[in-house]
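Working notes, structure below.
The values are calculated or read from the model by the stated rules, or taken from the named source; none is laboratory data. All of these numbers come straight from a predicted model, not from anything done at the bench. Positions of Cβ are generated from backbone atoms using ideal geometry, with glycine treated the same way; all protein chains shown enter the neighbour counts.
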């Protein structure tokens, strides 16, 4: 028996060999296997970053840069979003000055490579080396994600924390409670904390992830195979829930966000875990106005009766009741509570409208449109990058087509992936948590947290690590495919409109 | 058949016989990690709760603290707490004119609404001076 830092554990290497080896694996995924796909990923992202350099900041880009600049200049954060990304911008601005936006783009390329390496390791853990390599290639070429390296949005930094967190949670489930090193749940919770400091909505994912950990660590196949009778009784099926390891994940998360929560307590004199964005979200999401950020800047988009702008979308929403304007609180943290309460009253008064608008939010969430299409539309000045209609149109078209392709491949992978039980439940949980944002708002940027796992599932299916799916699994995948295809119908108009604007 | 060679075992020949595991050791290890993290969080939360500054302390810091960043932090905290919501324009004007230069620049850049709120007092004062 080897010695851990606090106590003896069974032979970890023996358990790891069983737990971490995928069925079709002859040799593990190595760094050499990833040089080419991640090299291509870097080249593509650098090309996009260079193309977007010098463009005027649009939408939230300007706000992020302003907040980062103010932090660097005055030494305090004045925004309501999670602080991670503005802090990075401020730090970079301290070094790169006015070139901060361009320096951020290059830093985001490095973050993207880090994320890609972790993503490949997740795929290799369940589908073997080939799946890891396929995942790295898919990640490299998936344009809607690649483009975030070129934009001043928090997604690159967020995924650089979320994907490692997913990797460590999945590896923890794969290794089991006995074989995993003591720091595994701490690292998983810590990365989740960093993700929350970049995007506050990670908090939605925290408690499901903790619960998943408790269940995933019950009954572990490697432990079942490895141990004696008492070992098996404890570890397989009838074993206890992994409550202690799940609690470690939770407390590690809290330890990472604690310094910022402490700062917020001093600042607001209230308990504010990360940011104060929930109030603004309630005001826009639990209200009558219709905001689809993917259609920003389209003059016809406001005209919902136009077939191009999406007549079906307008019909789904139906007649909108009068919007609420809300009360004003002195303390900004109290304003969140007021807005949430006022929004909840609006939902209670108009339940039918709320449910109909959730259908629209879901359609916007899974729409083939994406943020890069919007960004390409907004960058249209003569002499600016992508000013040629053909280049913009083709890039937009490829981007629009890549999302449906990924969804179908991922559903295929979800149904057929072999020896991938923890991955399947984890991906399901991530997709459900991500989709739950439609209860506030939905647009293509908000689906980013589920995209890496969809790439992993697609890569496992493509690499051939498949099994014959059960009837239930086939039924669920088919139903999901039908729901998503139906949800694309209201987006066909806006997608066509976006493409015609790009030309 | 050994204990590891269960009929439903997908890879029985690869299973190492590790004997009975020391489950207590794993539980003890997890308990220790939980205790360390829990104590850290509890002590941290207590310290933070006991040191939350009052509005008066923040006002004092914004005027007189030797560290310029602490002065700005204090001014920002007063704004987000809504300290100025029910204050008279004269009070706001006195604050804007009394704080050090870096706080004034910060408030002008980040919270222009504060200067707007003080404008009536400035107008009244200028009228009185004429």
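A few comments on the model shown:
- Subset of the range B:44-77 [within 16 Å of residue A:271 (Cα to Cα), part of a helix (DSSP H, G or I) and more than 7 Å from every other protein chain (Cβ to nearest Cβ)]: B:45, B:46, B:47, B:49, B:50, B:51
- Residue in the range A:96-113 that is surrounded by fewer than 24 Cβ atoms within 10 Å (Cβ to Cβ), free of Cβ contacts under 8 Å to residues at least 12 places away in the same chain, at negative phi and under 20 Å from the mean Cα position of the chain (by Cα) present: yes
- Tabulated pairs, the range A:406-427, first crowded, with 23+ Cβ neighbours inside 10 Å, second outside any helix (DSSP H, G or I), C-beta under 7 angstrom, 6+ apart or interchain: A:415/A:469; A:417/A:465; A:417/A:466; A:423/A:417
- Sole exception among (1) over 30 Å from residue A:339 (Cβ atoms); (2) surrounded by fewer than 19 Cβ atoms within 10 Å (Cβ to Cβ) for residue A:436, by number: (1)
- The test for being modelled with pLDDT of 95 or more, surrounded by 20 or more Cβ atoms within 10 Å (Cβ to Cβ) and on the phi < 0 side of the Ramachandran plot does not hold for residue A:399.
- Taking the range A:40-55 as the range and being assigned to a loop (DSSP other than H, G, I, E, B) and farther than 14 Å from residue A:106 by Cβ as the test, only A:55 passes.
- Residue A:53 being in contact (Cβ under 8 Å) with a residue 12 or more places away in the chain, surrounded by fewer than 16 Cβ atoms within 10 Å (Cβ to Cβ) and farther than 27 Å from residue A:460 by Cα: yes
- Single residue of the range A:152-198 satisfying the filter (in contact with a helix residue (DSSP H, G or I) (Cβ under 6 Å, 6 or more places away or on another chain), away from chain B (no Cβ under 14 Å) and outside any helix (DSSP H, G or I)) that is nearest to residue A:426 (Cα to Cα): A:154
- Taken together, the residues in the range B:106-130 that are under 15 Å from residue B:74 (Cβ atoms) and either out of contact with any helix residue (DSSP H, G or I) (no Cβ under 6 Å at 6 or more places or on another chain) or part of a helix (DSSP H, G or I) (or both) amount to 4.
Results for (1) more than 11 Å from chain B (Cβ to nearest Cβ); (2) in contact with a helix residue (DSSP H, G or I) (Cβ under 8 Å, 6 or more places away or on another chain); (3) modelled with pLDDT of 95 or more, shown as yes or no for each residue.
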{"site": "A:240", "(1), (2), (3)": "no, yes, no"}
{"site": "A:259", "(1), (2), (3)": "no, no, yes"}
{"site": "A:272", "(1), (2), (3)": "no, yes, yes"}
{"site": "A:285", "(1), (2), (3)": "yes, yes, no"}
{"site": "A:292", "(1), (2), (3)": "yes, yes, no"}
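- Members of the range A:473-495 found to be more than 23 Å from the chain's Cα centre (by Cα) and surrounded by 15 or more Cβ atoms within 10 Å (Cβ to Cβ), listed by number: A:473, A:490, A:492, A:493, A:494
- When restricted to residues that are part of a helix (DSSP H, G or I), within 13 Å of residue A:288 (Cβ to Cβ) and free of Cβ contacts under 8 Å to residues at least 12 places away in the same chain, the range A:324-351 contains 0.
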